[in-house]
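Laboratory data are not the source of any read-out in this text; all were calculated from the coordinates shown. Computed from a predicted structure; not experimentally measured. Don't worry about glycine lacking a Cβ; one is built from the backbone with ideal geometry, like all the others, and counts go over all protein chains shown.
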Amino acid sequence: MKLVLKLIAGILAGLLLGLYAPEWVARVLFTAKTVIGQLITFTIPLIILFFIMSGIASLPKNSGRLLGKTVALSYCSTILAGLFAFTVASHLIPQLTTAAEPTTATAIKLASYVNLEIPPLFGVMSALAAAFVFGIGISATQATDLRRVADQGRDIIDRLLAKVIIPLLPFYIAGVFVEMTVEGTVFATLKTFGVVLVMAILMHWIWLSVLFIGTGLALGRSPAQLIKNMLPAYFTALGTMSSAATIPVALQSSKNNGVSDGIANFTVPLCATIHLCGSTITLVTCATAVMFLSEHLAIPGIETMLPFIMMLGVIMIAAPGAPGGGVMSALGLLTSMLGFGEASIALMIALYLAQDSFGTACNVTGDGVIALWADRFANGSESTESASPVAEAEQA
């Protein structure tokens, strides 16, 4: 909870400094955010590589089945979330909104005092593919030397996260919010699309409630306690706007829910890339609103939206490394499958970015549910004589 309070303080500090502080103060905080962001960007592929590789290597022989179940569960959650969002949005948006012209504000771009670039050693998808290849290979061949490298690499990155990146997160979040406040993007967009944003955020919470209540009842756990343990990850994602940047906090939150270390190290970084239920809810809701507000577009039927939603679940895999990456990766689908033009694309980007942090927070918090089920799958494959980590903790 100390981390949650620090993150909230960072959000408030960013808003207040962006509104009232001199420009040079905002630029200093923006510079800190830029440098920290470069460090996070550099570290993200290493987190994915070592954590997933070490997690897969430590799994039992049925790791292939566990991987398949985790991917299938994540994709189903993403698709069902999108269908839920379209059903609600297509019925409520025509009743609650009008085709009024959106207001705009003149943006003031902040410039960093230091132009420092720390390019990652490889991309997120390369890290993910390498983690699968080496992790499964180590598990299959029992390559002890490579497994030791994976474990030691994981420990080094874990120490970097605990000693450097996590303590810097409040400053990074403050920089994110001071940039948004100075540029005026959030306020201008929220003023115009308040109803749609509130609708999307409420759907995030409803979907998370469905996931945690259903999981809690099925696994014999308290849904309220499961949600409480994931709150630090939710608030971190709310500030960073990046599922990948929130991995260290999400890892600890999942372990606090009783997920074993090996399963958490495997599922949380993986789900940060493939489980995008919140972003899908946001994209589908915003796209439905833009189609309603645009004269040359109309809200389509489910036969058009279902293929679009299914493709979103695949195309956004390339998005989690950067804030706003979801909408940028979806632009091709919006134009090719839904007929968005230049004006509609600009409207879509403005609307999506205004609440990208809430969609990301939904993604990350939902990852905790996938981790719980993956842990259950792994324990279910063991002999009945072996108790799960969750059961052992409850007995203790």
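Observations on the structure shown:
- In sequence order, calculated HN-Hα J values of the range 163-169 (Karplus, 6.51, -1.76, 1.60; Hz; x Gly/Pro): 8, 10, 6, 4, x, 8, 4
- Straightening the chain between residue 228 and residue 195 buys 9.1 nm, computed as 0.36 nm per residue apart minus the Cα-Cα spacing.
- Under Karplus coefficients 6.51, -1.76 and 1.60, residue-wise ³J(HN,Hα) of the range 136-145 in Hz, glycine/proline x: 5, x, 5, 5, 6, 9, 6, 6, 5, 5
- Full extension of the chain segment joining residue 218 with residue 155 gains 19.3 nm, where the gain is 0.36 nm per residue of separation less the Cα-Cα distance.
- Inter-site label distance for residue 12 and residue 126 at 7 Å from Cα along Cβ, in nm: 4.3
- Cα→Cβ-extended label distance, 7 Å offset, between residue 112 and residue 297, nm: 3.2
- Cross-link pairs beyond the 26 Å C-alpha cut-off, checked among 33/255; 6/69; 109/228; 163/228: 33/255; 6/69; 109/228
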